[in-house]
Amino acid sequence: MIRKMLALLTVFAVMAFAAEDPVAAVKKKDAELQALLKKSSRNAKEIERVKSLLNDSFDFALLAKKSLAKGDWEKQDAASQEKFVAEFQRMVRNSSAKRLELYRADSTIYEPAKMKGSDEARVVAHLWNKGKESVLEYKMSLVNGNWKAWDLVIDDLSTARNYKEQFGQILKNKSFAELIDIISKKADEAEK
């Protein structure tokens, strides 16, 4: 019995230390993103890499869920939720890649992570671009051993809250299927 408990504790300890620090996770992705952004022009492969970096940094399933009122999310069947997440991810990924200048920074200072338990964190980054400071707060969760952001607060404006307000307005007059169509069309437009 004691051996089983020790083995279990060892497994949990290894899992706990397997995940890198949330600040290190943000810094690592940011360093590669900044290197790509410093180039005056990017080829198709580099643009796809930027999209991948953004894609790998976010928990789109949780961001999509939090971008809807709880009741709006819960009354959808699993297939509708999956389609919403897929189209939402495509829209955010494509539109973010188009607005790359928002992510450019001359220098960045990261505050130590504010932990909530062992699987939630907030990482605050101070970015300077041409002498102007922006404050980014990454709200993160540990997903399969990797830190993923589910919200990005830029100068006190929450991405999740912004989408939640927009989607709430749309859902007052349109169905969930129509919302998915709107998101899909925006994703298509941003892809061009």
Those residues that are part of a helix (DSSP H, G or I), surrounded by fewer than 20 Cβ atoms within 10 Å (Cβ to Cβ) and small (Gly, Ala, Ser), I need them from the stretch 50-89; list them, please. Ser52, Ala61, Gly71, Ala78, Ala79, Ser80, Ala86
Any residue in the stretch 145-165 that is under 14 Å from Ala61 (Cα atoms) sitting within a Cβ distance under 6 Å of a residue that is assigned to a helix (DSSP H, G or I) and open to solvent by 40 Å² or more (accessible area, probe 1.4 Å)? List the pairs, counting only those 6 or more apart or interchain. Trp150/Leu62; Ala160/Lys66
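The values are calculated or read from the model by the stated rules, or taken from the named source; none is laboratory data. From a predicted model like this one, the values you see are computed outputs, not experimental measurements. So basically every Cβ, Gly included, is an ideal-geometry build from the backbone, and we count neighbours across all protein chains shown. Surface accessibility is based on the protein's heavy atoms, side chains included, excluding ligands, DNA and RNA. Shrake-Rupley method; radii C 1.70, N 1.55, O 1.52, S 1.80 Å.
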